[in-house]
Structures are given as C-alpha cells and as structure tokens.
Amino acid sequence: QFHGQSFPGGSMSLETSAQWLVMIALQESCVVPLPMAVGLARLRRLLSRPSLNDLDELVTGGQVAWFREALSSPQREDDFWVRRDFSAGVPQVRARVQMITGWYDAFTPWQLEDYAALEEAGRPRQLIIGPWTHTAEGLAGAGVREGLAWLRSHLLGDSSLVNPTAVRLFVTGEGAKEWRRFEHWPPDRASERPLWIAGPDSLAWQPPEAGGGRRYRYDPADPTPSVGGPIMLTSKPVRDNRRHEARADVVTFTGPPLEAALEAIGPVRVELWARASEPYFDLFARVCDVDPRGRSWNLCDALAGVAPGRFARSEEDGVWRVQFDLWPIAHRFAAGHRVRLQVSSGAHPRYVRNPGTGEDPLTAKNHRAVDVEILYGPERPSSLVLPLLA
C-alpha cells in the first residue's frame, strides 16, 4: 500500500512525492533525460512556494490527473488509496519472496510491514537491508546480484550462490560497518530500552524525578528545513546536524557518554508529551549519534501530524501524548559516543509545511506560528525507545 509512504504520520511526504511526479510524468518523453533533470533540479525552489495546488503544472507543463486525485485524497480509506491497497493479500502470496532495501530508503517501513505479514503467515522469504538510499548504486547492485542468485536457486535448483539466512542486516556505526545474520525481523535478542528526557537538554537511562519543559516556536513562514534522511532521490542521507541543531526551532536532548558500546537493531519509537499554542502542529523526532568531536550524525527519524482526534489530549491542561514509530535502525553506538534525540515541528521540503491553522497545507492561505513545549518528568515521561541487542 502506498498511502503510508505518501502521507506518513498524517503529513504529506512532499519531496519524494514531487520527485515521483516528475519521473512518472516525464518518463515517456522522447528526450527523457533532459526534461526530467530540469524538472528535478527545479523542485527545491518550487516546493517553497506558499501554494502547491498547481505543482504538477509547474514541473511538467500540464495537469497530471492521478497526482491531483492523490492530493485530494489524504486518508487511507479514500477510494484512491483503497483501489491501490493490496496489503491484505500479502499473507496469501506463495511465491518465494526476496526483499532488498536500505536503512535510508523512503519505502523501508512499509516494506517491513509486508515482510512481517509474510513471516507471520509462514511464507518463504528473505530480507536484506544495507546502508543504502532508494537509488543508491549499492542497492541496485545488490538487487541484481542477490536477485539473480535467488531466481537461480528457486527456478534452476542451484543454491550455490544463495545465502540461506532469512535476515541479513548491515550494522552502521563506528567499529561496526558489517553484515549480521538473523532468523527474524526484528531480531529475537533485541529488547526495548527507554531513554527518558530528564532535563531541558538531557537524556537519561533512569526515569526523571523532577519535571519541566523545553520550548520553541515553529513558524511556517520560515519552516524548519530537512537535513538528510530517507528521501527517494538523495546522494547524502547522513549528515552532521550541528548547524541544524543550532536553530531556535530545533531542540535536542543528549545522553551521557557511553561507557561501553551499544547496538540498537530493530524498530524505534518515541513518546512525546507536548503542549502547543494551536491544536494543529507537527512533531519531527530524530535519533543522532554524537561522536567525541561533537558531530551529530542522523540515524533515523519520522514526523507525526498532531490534530484533534489523532492523539490523546488532556482535557484539564491541553497536553498531548504523541507516540509514533521512527524508521528502523541497525547501528552501533561506540563507547564515548552519546545518543541524542532531536525534536522540531518540521522538516521541509521532505514533509509539507504545517500551516498551523488546520487548513489543507497545500492550499492554505493563512499561516500561523505555533509555540510548542516538550514536557518531561514523572507525570509526562517523554522518552526515546531503542531496540538494544543483548
């Protein structure tokens, strides 16, 4: 099902969707490379326009019917997405399935949903996740190499080139950068371990005894930019986030230097208790590995669109309890490094900017700045949950 990737967390995956629009709309042109390259090169500038309801015309020269229908159908239960949702049939697939993806691929979380459905149904399958983006040469090479070996094994009966392990994962991080083998996803030996926000800028392995909060203001007129991450077309998904984290609309919470290395392999999630001046805002959470030089390298992230009815909200004080999954991870935090949780209310143009008014973000004529406070403490236990390997 493609709705999850198109509207992850209730917000539109703007940059990847726009890149897809350009490639699909122009792929049959008699001189494909030139118009497609021009269209993709113009995207970043075009995606900063106040209104995006005519984006298809701006980048392709005409209206694209399927794109307009998709934009007007933001809910998974809308007919446009229902007609394109084949997830219910995944457990019935009897063919031997091999899935190859990357930690920075824009589609990985939903591919893993399909893998989980195959595994639960006991279907023959294999999963390979490397340190790649969706269009990385390494992913393309692995697809050809592993795919041909898989087909040769199951169609010609020659298994000499196939690694029989069900799950193979590339572990990133200092002192790792190697392939590991597991029988299941997520690995059986991974257990959830929370890191609590324990102060205005700190994370701790023990629940905090006192409460507090950290404030920032998100202004859609100057949206918090996206830096790296899983976009369909990107050459550098992992970047040093220090300059980004210096912005006033980005807050960070950092753990103490690790006494020994930690390996996190599996799903990642956050629980954030937040108070906001408006009932419409986004929360973007990112996990970073901070090395001894202070460089903050992004590992995984996600965004959740907060609005009435989407998350629990206290009637007494209006505090929201927002829980959501980030991209999965397989990373080794070396001794002396620190785990960091980064929080903001946008990642533009990767996600469409939230106007703060409840209007359609693609056509909103009004924008409103939102003051957000991330709360912590015994009664508001905001936390990052990592899958640590025993």
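The values are calculated or read from the model by the stated rules, or taken from the named source; none is laboratory data. Note that the structure is a prediction, hence the values are computed from the model and not measured. Because the Cβ atoms are built from the backbone with ideal geometry, glycine has one as well, and the counts that use them run over all protein chains shown. Remember, those area values only see protein heavy atoms, side chains included, never the ligands or the DNA or RNA. Shrake-Rupley method; radii C 1.70, N 1.55, O 1.52, S 1.80 Å.
Screening GLU57 against (1) open to solvent by 40 Å² or more (accessible area, probe 1.4 Å); (2) assigned to a helix (DSSP H, G or I); (3) closer than 21 Å to THR135 by Cβ leaves a single unmet condition, (3). Right, GLU15: closer than 30 Å to GLY266 by Cα and open to solvent by 40 Å² or more (accessible area, probe 1.4 Å) or not? Against the criterion (closer than 30 Å to GLY266 by Cα and open to solvent by 40 Å² or more (accessible area, probe 1.4 Å)), GLU15 does not qualify.
Condition test on SER296, is it surrounded by fewer than 18 Cβ atoms within 10 Å (Cβ to Cβ) and either in contact with a helix residue (DSSP H, G or I) (Cβ under 9 Å, 6 or more places away or on another chain) or more than 22 Å from LEU386 (Cβ to Cβ) (or both)? When the stated conditions are applied, SER296 does not pass them. If the condition is being open to solvent by less than 40 Å² (accessible area, probe 1.4 Å) and either farther than 19 Å from LEU148 by Cα or assigned to a loop (DSSP other than H, G, I, E, B) (or both), then region 122-135 contributes TRP132, THR133.
Can you tell me how many residues within region 331-379 are more than 15 Å from TYR218 (Cα to Cα), out of contact with any strand residue (DSSP E or B) (no Cβ under 8 Å at 6 or more places or on another chain) and among the hydroxyl-bearing types (Ser, Thr, Tyr)? Total meeting the criteria: 1. Kindly indicate whether ALA116 is surrounded by fewer than 13 Cβ atoms within 10 Å (Cβ to Cβ) and either at positive phi or of a type outside the set (S, T, N, Q) (or both). It is false that ALA116 is surrounded by fewer than 13 Cβ atoms within 10 Å (Cβ to Cβ) and either at positive phi or of a type outside the set (S, T, N, Q) (or both). Under the condition of being under 18 Å from GLN5 (Cβ atoms), open to solvent by less than 70 Å² (accessible area, probe 1.4 Å) and part of a loop (DSSP other than H, G, I, E, B), the residues counted in region 65-106 number 6. Quick check: is even one residue across region 82-91 of a type in the set (Lys, Arg) and modelled with pLDDT of 90 or more? Yes - at least one qualifying residue is present in region 82-91. Taking (1) outside any helix (DSSP H, G or I); (2) closer than 23 Å to ASP289 by Cα; (3) open to solvent by 70 Å² or more (accessible area, probe 1.4 Å) in turn, ARG217 satisfies each apart from (2).
Just to verify a result, which residue in region 170-195, among those that are in contact with a Gly (Cβ under 7 Å, 6 or more places away or on another chain) and outside any loop (DSSP other than H, G, I, E, B), is nearest to LEU272 (Cα to Cα)? For region 170-195, the residue satisfying everything is LEU195.
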